[in-house]
Every structure is written in C-alpha cells, then in structure tokens.
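Here's the structure we're looking at; comments come further down.
The values are calculated or read from the model by the stated rules, or taken from the named source; none is laboratory data. Since we're looking at a predicted model, the values are computed, not measured. Glycine gets a Cβ as well: all are built from the backbone with ideal geometry, and neighbour counts include every protein chain shown. Surface areas here come from the heavy atoms of the whole protein model, side chains and all, with no ligands, DNA or RNA. Shrake-Rupley method; radii C 1.70, N 1.55, O 1.52, S 1.80 Å.
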Amino acid sequence: MQKFIVNGGKKLKGVIEVKGAKNDALVIFAASLLISKPVIVSNVPEIEDTKRLLELIEKMGGKVERIKYGEYKIKANNLKTYLIDPEIAKRIRASILLTAPLLVRLGKVKFPHPGGCVIGERPIDQFLDGYKNMGARVYNKRSLYEIIAPRLKGTEFVFNNITVTGTESLVMAATLAKGRTVLKNCACEPEVKSLADFLNSCGAKITGAGTPYITIVGVDKLRGGVHRTIPDRVEAGSFMILAAATNNKIVIKNCEPGHLDSLLSSLKKAGVNLKVKKNCIEVIPLRLNSVNIKTHEYPGFPTDLQAPFCVLLTQSKGSGLVHETIYEGRLMWTEELKRMGANIHMYDPHRIEIKGPTKLRGREIESPDIRAGMGYLIAALCAKGRSTINNVYQIDRGYEKIEERLRKIGADIKRI
Ligand code: EPU
C-alpha cells in the first residue's frame, strides 16, 4: 500500500492549478448512460473515483474511450446488464448514481447498499422514496435492492433530507419520465446545476436547478452531447486553506470563486487576505484568528472542507467551534490530529472546539477517507518534522497526482 512521506514546515509559494470537479465528472458519467448516442466529457480529473466509475460503466456495457488525458467518450447504446457489480458498488458510494439511468433505460436495476465511506450512515431512503413516487416497485432481497419500473411517470416529490446525489438521481430519472416532475427541497450545489445544463444541452427540459425547486418535463429521447467538467471547488478550497494554514502566499488558478462564497467569507473573517479575480484566487495570509464554522448544504460551508479548515483552526489564535451538521462520523478523524499536537475538545460527534495556535508534530497517520486524508496532508505540511500518511489510496480517490502538484509549489513530499 502506498504512502506519503512529508517533511513539514517548508516554504510554499507559486501557482497551483485546480482540476475538474470529481463530483461533477461522476454524475455526468452516470448521466451519459441515459443517452444512446456518444457523450464526450473533458477536464476530467484522473483520479481513482472517476476510473472506478468508468470501469463500472464498461461492465454495464457502456463503451468508454479515452480520447486524450482528461477527456473521455462514453457510448451507451448497448447496455447489457441491470445488475450493478456488487463488489465495486460496495466500494464506491457514487455507484448509486447509476440507478436512475439503468432504471430509465432497462426498466430495472439491482444493486447492493452503496458503500465506501466511513463518514456516516448515508442512507438511500430518499432515492427509493423518489423512485416509488414515480411509479417504481422496490424490493430488498438477500442484501440487494431491486427496482422495477417499465416507464417512470412524473410526480411531485419533497426531499426529507437535502441530498446531492439524491437530487441528481431524481433529476436524471425525471428527464425521460412520462409527464412533469416537481422536486422540492433539492440540493443547490453547482454540480446539480451543471448536470441540468448538460442534460438540457442534450434536449432535456429542466428548470430551476441550483435552487430548491426543480421542474422537469419528461422528453422521449436525449441526443448525444459534450460537457466540460466544472472546476473542483473542494480542491480549490483545500489549496486556499493550505496556503492560509501554512502561512504562505499561493495563487490558485482555474477555479470558480463564485462557488466558494462561504469559504471566502470564513477565511476573510479569520484574517486571510484574498485577491479574487475571474478564475483565480491569490491567498495572502496574515495573522490568523479563530472563527466558528457550521457545515451546511450549498451555499453554506461545505462539509467536504471541514477537515482542512479544522487544521487551519489549529494555527489560529483563539477558540473555534466546528459544527458538522451533515455527517455523524466526519469529526472522528480529529482524534489523530490531536495526537499531532492539536488542542481539540469533542463535545459530541457533531461538535468540537479547537484552541490555537498550537505547534503540530509530524506523525504516522492513516487516511480514513478523501477529505480527512487531505486534512492530514495539510496538517503534515504545517507540522514540524516528518509524517507518514498511510492508505493514500483514499487521497488519490479525490486529488489527481497531489504529491507532484504540491512539490511544484515547494512541498517536501514523496510517494513510496
Ligand atoms: N441522506 C438521507 N437519505 C438519503 C440520502 C442522504 O438521509 O437517501 C442524508 C445523509 O445521511 C446526509 C445528507 O443526506 O446527512 C447528505 O448525504 P448524501 O449521502 O446524500 O451525500 P451525497 O449526495 O451522497 C455528495 C457528495 C459528497 C458530499 C455530500 C455533501 C457526490 C458523489 N458526493 O454526497 O462528497 O460530502 O454530497 O455535500 O457528489 C466527497 O467528495 O468526499 C464526498 C463525500
């Protein structure tokens, strides 16, 4: 198993470029299964999660061609199975995104409870309720769900919980359903809007994506299309936090500042000077003060940036409260951060208080998931001494060749 060896405390400077968004690429790959004509997706991050989902699509009968680095053509004119490979599906949560296209195209889908995460329970009740509302029958036998629906029909559905992949799945299902669907309490994340823009460019009739109310008028067929993956806001945010936490001036290029309002506001409040341009943000750290953050659905503070921000709080003066509202297991990673020297008190699984500034010390750590892995990496770059980060597969799931890109801005990091 590969690991990173990091010697922390090195001066970082220069420009780092943001790749395409993992969670945008994943949902567009899934949406390409709604269409029998070719779909071309560019600016795809070459990471474990995108590779695994493409592998799964090939297993389902989709033809995947790599046109060039970061650009793929998917043709799904001959889907051959409605069973989502249980072994892969149990490892990738995003496999749930394939359920809607398979249901629409084949009238049936069979899959295990999607796994691959240690951040919380992550139920799928909203997906199942949504499909049932659209006329599907749902069975659960021998740890496999089976959903059957000859043709889905338009409905009105209110999400009990705001879910990004749930919203995306019902949008995909409704696109080719009979009649009109109105979805309420939808996720407003940029990836949902990006999906709707892509599907509309292929002939779908979706309005309101990016707001809590989405209306979809079903069409009979979609044409092939092209999509350029939007910049990864989590990656951009992680780099901004890295600059601030390590007290270095770094320019983050190819990002979309408009997707990062909440982080920009928290960083400014913490004393970070930001020069925001069209697709670029320059981070000029000053003396850091603690702030409180509360994770929230978009446009609130992203749960995917909670771990990096916790590291920033260890380097800030005062006391900062972190309230993780989305996932019940997503603060557990801070136990190891404490062992690196952070002063953290956990009130309950959703709330911690971080007192700073504290000096962090290098350690051997195990990356439990993508975002906590990035948190440890930032902590290791802040820390004095050498850290070993094990299980970097988790970091590779979300960040393309991260060690090479960090080395270019001065980090002392190697993969072994
Ligand atoms: N939820 C339900 N029922 C459902 C679905 C979700 O109660 O049927 C709840 C969950 O328990 C959780 C909340 O809704 O409290 C949102 O969780 P969900 O599992 O739906 O999130 P997701 O849509 O699967 C996406 C991203 C995540 C990101 C979350 C929150 C993708 C592929 N994944 O997940 O990204 O953390 O939204 O913004 O888009 C990551 O990139 O590391 C990652 C985990």
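Assorted remarks:
- When the trypsin sites (Lys or Arg not before Pro) in the stretch 91-149 are filtered for DSSP coil states and for at most 14 other beta-carbon atoms within 10 Å of their beta-carbon, the remaining sites are R142.
- Global geometry of the stretch 176-254, whether rounded, prolate or oblate, following the gyration tensor of its Cα atoms and the 1.5 cut on a/c: oblate
- Annotation for the stretch 101-158: GluC sites (Glu not before Pro) lying in DSSP loop with at most 15 further Cβ atoms inside 10 Å of their Cβ are E121.
- Selection from I214, P285, T325 lying farthest towards where the dipole of the stretch 186-328 points positive, charges on Cβ: P285
- Length available on full extension from K317 to N78: 0.36 nm per residue minus the Cα-Cα distance, which gives 80.2 nm.
- Note on the chain: helix-only mean residue ellipticity at 222 nm, from DSSP H runs of 4+ residues weighted -39500 (n - 2.57) and normalised by residue number, equals -8500 deg cm²/dmol.
- When a 1.4 Å probe is rolled over the protein heavy atoms, the share of accessible surface on the chain that falls to carbon and sulfur comes to 49 percent.
- For I216, net neighbour charge (Lys/Arg +1, Asp/Glu -1) across residues whose Cβ lies under 13 Å away: +3
- Residues whose amide H comes within less than 5 Å of that of D412, counting only those at least five positions distant or on another chain, are N7, K10 (H built at 1.01 Å from N in the peptide plane).
- In sequence order, calculated HN-Hα J values of the stretch 379-396 (Karplus, 6.51, -1.76, 1.60; Hz; x Gly/Pro): 4, 5, 6, 7, 6, 8, x, 9, 10, 10, 10, 8, 6, 6, 3, 4, 6, 5
- In the stretch 22-228, the DSSP beta bridges split such that about 70 percent are antiparallel, to the nearest 5.
- Residues whose amide H lies under 5 Å from that of E366, counting only those 5 or more places away or on a different chain, are N390; hydrogens are built 1.01 Å from N in the peptide plane.
- Residue with peak Gaussian network fluctuation, the chain [Cα springs, cutoff 10 Å], from K68, K253, K11: K68
- Model label points for I67 and E353, set 7 angstrom from Cα along the Cα-to-Cβ axis, are 5.5 nm apart.
- Neighbour net charge for L53 - beta-carbon separation under 13 angstrom, K R +1, D E -1: 0
- Computed from the alpha carbon atoms alone, the convex hull of the chain holds 123 Å³ per residue.
- Other-chain or far-sequence residues with amide H under 5 Å of E328's (modelled H): E121
- Between the stretch 296-344 and the stretch 142-178, the C-alpha centres lie 33 angstrom from each other.
- Charged neighbours of C280, selected by a Cβ distance under 12 Å, balance to +1 (K, R count +1; D, E count -1).
- Working note: Karplus 6.51/-1.76/1.60 with θ = phi - 60° gives the stretch 409-416 the couplings 9, x, 6, 9, 9, 9, 9, 10 Hz, where Gly and Pro are set to x.
- Extension gain, E121 to R339, is 75.9 nm, computed as 0.36 nm per intervening residue step minus the present C-alpha separation.
- Taking θ as phi - 60° and the Karplus parameters 6.51, -1.76 and 1.60, the scalar couplings of the stretch 66-82 work out to 8, 5, 7, 3, x, 9, 10, 10, 10, 10, 10, 7, 9, 5, 10, 8, 9 Hz in sequence order, x denoting glycine and proline.
- Here the chain is assigned +1 on the Cβ of each Lys and Arg and -1 on the Cβ of each Asp and Glu. Its dipole about the Cα centre then comes out at about 720 debye.
- Separation of the stretch 23-73 and the stretch 354-375, taken as the distance between their Cα centroids, equals 33 angstrom.
- Whether the stretch 22-228 is rounded, prolate or oblate, judged on the alpha carbon gyration tensor where a/c under 1.5 counts as rounded: rounded
- Gyration tensor (alpha-carbon) shape descriptor, the stretch 60-126, a/c threshold 1.5: oblate
- In a DSSP loop and with at most 10 other Cβ atoms within 10 Å, the chymotrypsin sites (Phe, Trp or Tyr not before Pro) in the stretch 4-107 are Y69.
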